[in-house]
1. Of (1) farther than 13 Å from residue 65 by Cβ; (2) modelled with pLDDT of 95 or more; (3) out of contact with any Leu (no Cβ under 9 Å at 6 or more places or on another chain), residue 153 satisfies all except one. Which?
2. Take the residues in the range 1-35 that are more than 18 Å from residue 98 (Cβ to Cβ) and either of a type in the set (D, E, K, R) or touching a residue at least 60 places away in the same chain (Cβ under 8 Å) (or both), then tell me which one is surrounded by the most Cβ atoms within 10 Å (Cβ to Cβ).
3. Any idea which residue in the range 53-72 is nearest to residue 41 (Cα to Cα), counting only those that are out of contact with any His (no Cβ under 9 Å at 6 or more places or on another chain) and open to solvent by 10 Å² or more (accessible area, probe 1.4 Å)?
4. Collect the residues in the range 75-111 that are under 12 Å from the mean Cα position of the chain (by Cα) and surrounded by fewer than 15 Cβ atoms within 10 Å (Cβ to Cβ), keeping them in residue-number order.
5. Just checking, which of 57, 80 is of a type in the set (Gly, Ala, Ser) and touching a Phe, Trp or Tyr at 6+ places or on another chain (Cβ under 8 Å)?
6. Restricting attention to the range 95-117, report how many residues are over 13 Å from residue 144 (Cβ atoms) and in contact (Cβ under 8 Å) with a residue 24 or more places away in the chain.
7. Kindly indicate the residue of the range 150-166 that is closer than 19 Å to residue 34 by Cα and part of a loop (DSSP other than H, G, I, E, B) and also most open to solvent (accessible area, probe 1.4 Å) among those meeting that condition.
Amino acid sequence: MKIEYQLATPNNLNEIMLLIKNAILTMENNHIHQWDEIYPTKEDFAEDIRQGCLHIGVSEGKIAVVFALNRQCDEAYQNGQWQYPDKNYYVVHRLCVNPLFQHKGVAKQTMLYIEEKCKAEGTMAVRLDAFSHNPSALKLYSHMGYSRVGYAHWRKGRFYLFEKYL
C-alpha cells in the first residue's frame, strides 16, 4: 500500500479526530479499553501540530495513520531500564491506524518509515509504550525487534515500555 507521510496541519485536525473516534470504537469492540473521551483529546493533537511533531500517512486520499514523534517522554518512562540511555532517541506517541486501513500492514509500514526517518537524522534509538491489553500492538513491536524494557502505570492500566536500537 502506498502511503505518503507528511506533517499534520490544523486543517487535518477534524479528520484526525474522526479517525481517533472510530479507532476508539473499534478498540472498545475488541475489548481494548486503552483510549476514551479523556485521552487523547483534540487539544493533544493540536499541541502536537503546534510543536511540529504530528505526522499523518495519507493513502487513497484519506488519513490512514497518525502519530507524534518527538523526544518528549512522560515521567513514568523513568521506570524503563533503557538499553541505550546515552544514545539520541525519538519517542513514538499516539500511533493510530485508521480502522478503514487496519490489517493491511499500515502500522508496520509506518514503524519502518519512522525508523528510516530516525536513522536519516542520526537518531540511534526509538522508544514507545504500548497498552498491555493491546495484543496487536504488542505483537507488532515484538516482531519488529523492540525490547520490552519496563512498564508504566497510567489511568487505564499497565503500559509496556519498548526500545529498539537502530
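The values are calculated or read from the model by the stated rules, or taken from the named source; none is laboratory data. Remember, it's a predicted structure, so these values are computed and weren't measured experimentally. Here Cβ is always computed from backbone atoms with ideal geometry, including for glycine, and neighbour counts include all displayed protein chains. Calculation scope for accessible area: heavy atoms of the full protein, side chains included, ligands and nucleic acids excluded. Shrake-Rupley method; radii C 1.70, N 1.55, O 1.52, S 1.80 Å.
1. Only one criterion in (1) farther than 13 Å from residue 65 by Cβ; (2) modelled with pLDDT of 95 or more; (3) out of contact with any Leu (no Cβ under 9 Å at 6 or more places or on another chain) is unmet by residue 153, namely (2).
2. This residue is 33.
3. Across the range 53-72, the extreme among qualifying residues is 55.
4. 108
5. 57
6. 10
7. So, considering only residues that are closer than 19 Å to residue 34 by Cα and part of a loop (DSSP other than H, G, I, E, B), the one most open to solvent (accessible area, probe 1.4 Å) is 155.
To keep it simple, each residue is scored yes or no on (1) among the hydrophobic types (A, V, I, L, M, F, W, C); (2) under 17 Å from residue 93 (Cα atoms).
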{"residue": "7", "(1), (2)": "yes, yes"}
{"residue": "10", "(1), (2)": "no, no"}
{"residue": "14", "(1), (2)": "no, no"}
{"residue": "18", "(1), (2)": "yes, no"}
{"residue": "24", "(1), (2)": "yes, yes"}
{"residue": "30", "(1), (2)": "no, no"}
{"residue": "34", "(1), (2)": "no, yes"}
{"residue": "39", "(1), (2)": "no, yes"}
